[in-house]
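Below is one structure, written out as structure tokens; the observations come after it.
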Amino acid sequence: RAKDIDWRALDGIKSLGLAAGASAPEVLVDEVINAFRARYDVTVELVETAKEHVEFKVPRILREGDAK
């Protein structure tokens, strides 16, 4: 989740790779990308290494928000 990113640890970065598999909910991947866009000039390049035909449900805790 974007809220868990330690932005201070990324100070001075020039390039960053983000990888996600079929089990990573697309909504979370988009959330992280959008958080980077809010802070940096971002160019997204999709590199597909395998065609995945599997879909996973978003876990309930992520659909309903934090259980904290």
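Read-outs: derived from the displayed coordinates by stated rules, not from any lab. All figures in this text were calculated on a predicted structure; none of them were measured in a lab. All Cβ positions, even for glycine, are placed from backbone atoms using ideal geometry, and neighbour counts span all protein chains on display.
Miscellaneous remarks
- Toward the positive end of the charge dipole of the chain, with +1 on the Cβ of Lys and Arg and -1 on the Cβ of Asp and Glu, the farthest Cα among Leu62, Val47, Leu28 is that of Leu62.
- Taking 0.36 nm per residue of separation and subtracting the current Cα-Cα distance, fully stretching the chain between Glu26 and Glu55 would add 9.4 nm.
- The alpha carbon convex hull volume per residue for the chain rounds to 102 Å³.
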